[in-house]
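A.B. asks: The structure under discussion is supplied below as structure tokens; questions concerning it will follow.
Here, each number is a calculation from the coordinates, and none is a lab measurement. In this text, all values refer to a predicted model and were calculated from it rather than measured experimentally. Because the Cβ atoms are built from the backbone with ideal geometry, glycine has one as well, and the counts that use them run over all protein chains shown.
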Amino acid sequence: MQLLIGTNNKGKVIEISEVLTGLELDLKTPADLSIEAEPEETGATFQENAIQKVKHFHGLGGMPTISEDSGIIVDAIENELGLHTRRWGAGRSASDEDWIEYFLKRMKNESNKKAAFMCHLAYLDPNGDLHLFEGECKGVITEELEADYLPGLPISGCFRPEGFDNVFSALNLEQKNSTSHRGRATQKLRFHLESSM
């Protein structure tokens, strides 16, 4: 089955593809289908945004599609990030380097480093039916970057999940996919696909 991963974030494509490895899927990206139009993100929740995105890419790609919306909620600045994570601070057009530099500088004077990553994933199946999955991962923000990160996912270099000594991007593949918010949501999708294919 062809499946469109409805995102232009290369890091997200890599992480989702890793979790779905081994299934009989022909994974596509918007670039593969020459889809350039970006979806609106006007929802009031992660779930609403994920649904907007999946409908957008499904309408343009004409095949089963998944899209997700995710972000981080930081206790010390809980009303600043969340839905607006990528657009916050240094701005949506900021490079990964500029964004994470701004974020770490903002966090430097905060004593409470607790945070939680949230992911809501939407799937439109071959019949056009909508399925929703979610994942959450709690942890803390480190003082500085402790590892390299995938393109588009700079916080993974300074977020240490509960129960681990290393940040997200320093975990091995199995650890990351079973622990991360996106990994947990995509694992639920994988289970659904396995039971329906």
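A.B. asks: For residues that are part of a helix (DSSP H, G or I) and out of contact with any strand residue (DSSP E or B) (no Cβ under 7 Å at 6 or more places or on another chain), scanning just segment 29-54, find the one that is farthest from Cys119 (Cα to Cα).
C.D. replies: First, the residues of segment 29-54 that are part of a helix (DSSP H, G or I): 46-54.
Checking the rest, the ones that are also out of contact with any strand residue (DSSP E or B) (no Cβ under 7 Å at 6 or more places or on another chain) come to 48, 52.
On the way: Glu48: 12, Gln52: 14 Å.
Here the answer is Gln52.
A.B. asks: Given (1) under 20 Å from Asp129 (Cβ atoms); (2) in contact with a Cys (Cβ under 8 Å, 6 or more places away or on another chain); (3) among the aliphatic types (A, V, I, L, M), where does Ala116 come up short, assuming only one miss?
C.D. replies: For Ala116, the exception is condition (1).
A.B. asks: Does Val13 count as under 21 Å from Arg182 (Cβ atoms), touching a helix residue (DSSP H, G or I) at 6+ places or on another chain (Cβ under 8 Å) and part of a helix (DSSP H, G or I)?
C.D. replies: Details: under 21 Å from Arg182 (Cβ atoms): yes; touching a helix residue (DSSP H, G or I) at 6+ places or on another chain (Cβ under 8 Å): no; part of a helix (DSSP H, G or I): yes.
No, not satisfied.
A.B. asks: Moving to a separate point now. Does at least one position in segment 19-31 carry a residue that is closer than 30 Å to Glu143 by Cβ, among the basic types (Lys, Arg) and either surrounded by 13 or more Cβ atoms within 10 Å (Cβ to Cβ) or touching a Lys or Arg at 6+ places or on another chain (Cβ under 7 Å) (or both)?
C.D. replies: no
A.B. asks: Select from segment 4-18 the residues that are in contact with a Leu (Cβ under 8 Å, 6 or more places away or on another chain), of a type outside the set (D, E, K, R) and surrounded by fewer than 19 Cβ atoms within 10 Å (Cβ to Cβ) and list them in ascending order.
C.D. replies: Across segment 4-18, the qualifying residues are Asn9, Gly11, Ile14, Ser17.
A.B. asks: Give the residues of segment 158-196 that are surrounded by 20 or more Cβ atoms within 10 Å (Cβ to Cβ), out of contact with any strand residue (DSSP E or B) (no Cβ under 7 Å at 6 or more places or on another chain) and farther than 15 Å from Thr21 by Cβ, sorted by residue number.
C.D. replies: Ser169, Leu171
A.B. asks: Next up: Take the residues in segment 105-161 that are of a type in the set (D, E, K, R) and without any contact (Cβ under 8 Å) to a residue 24 or more places away in the chain, then tell me which one is nearest to Ile77 (Cα to Cα).
C.D. replies: We begin by selecting, within segment 105-161, every residue of a type in the set (D, E, K, R); these are 105-106, 108, 110, 113-114, 125, 129, 134, 136, 138, 143-144, 146, 148, 160.
Pick out the ones that are also without any contact (Cβ under 8 Å) to a residue 24 or more places away in the chain and you get 105, 129, 148, 160.
Values: Lys105: 13, Asp129: 37, Asp148: 24, Arg160: 17 Å.
Among those residues, the one meeting the criterion is Lys105.
A.B. asks: Now a separate question. State yes or no: is Asp165 free of Cβ contacts under 8 Å to residues at least 24 places away in the same chain and under 14 Å from Lys176 (Cα atoms)? Please lay out each step first, then the result.
C.D. replies: Working: free of Cβ contacts under 8 Å to residues at least 24 places away in the same chain: yes; under 14 Å from Lys176 (Cα atoms): yes.
Criteria met by Asp165.
A.B. asks: Further question: Just checking, does segment 66-75 include any residue being surrounded by fewer than 18 Cβ atoms within 10 Å (Cβ to Cβ) and either in contact with a helix residue (DSSP H, G or I) (Cβ under 8 Å, 6 or more places away or on another chain) or among the basic types (Lys, Arg) (or both)? Full working, then the answer.
C.D. replies: Filtering segment 66-75 down to residues surrounded by fewer than 18 Cβ atoms within 10 Å (Cβ to Cβ) leaves 75.
Restricting the remaining residues to those that are either in contact with a helix residue (DSSP H, G or I) (Cβ under 8 Å, 6 or more places away or on another chain) or among the basic types (Lys, Arg) (or both) gives none.
The answer is no, given that none of the residues of segment 66-75 is surrounded by fewer than 18 Cβ atoms within 10 Å (Cβ to Cβ) and either in contact with a helix residue (DSSP H, G or I) (Cβ under 8 Å, 6 or more places away or on another chain) or among the basic types (Lys, Arg) (or both).
A.B. asks: Also: If you check Ala94 against the conditions, is it touching a helix residue (DSSP H, G or I) at 6+ places or on another chain (Cβ under 8 Å), part of a strand (DSSP E or B) and surrounded by 15 or more Cβ atoms within 10 Å (Cβ to Cβ)? Break it down into steps so the answer makes sense when it comes.
C.D. replies: Details: touching a helix residue (DSSP H, G or I) at 6+ places or on another chain (Cβ under 8 Å): yes; part of a strand (DSSP E or B): no; surrounded by 15 or more Cβ atoms within 10 Å (Cβ to Cβ): yes.
Criteria not met by Ala94.
A.B. asks: Being assigned to a helix (DSSP H, G or I), of a type in the set (Gly, Ala, Ser) and on the phi > 0 side of the Ramachandran plot, is that true of even one residue in segment 60-76?
C.D. replies: Here is the first cut: in segment 60-76, the residues assigned to a helix (DSSP H, G or I) are 60-61, 75-76.
If we keep only those that are of a type in the set (Gly, Ala, Ser) too, we end up with 61, 76.
With the extra rule that they be on the phi > 0 side of the Ramachandran plot, the set shrinks to none.
The answer is no; no qualifying residue exists.
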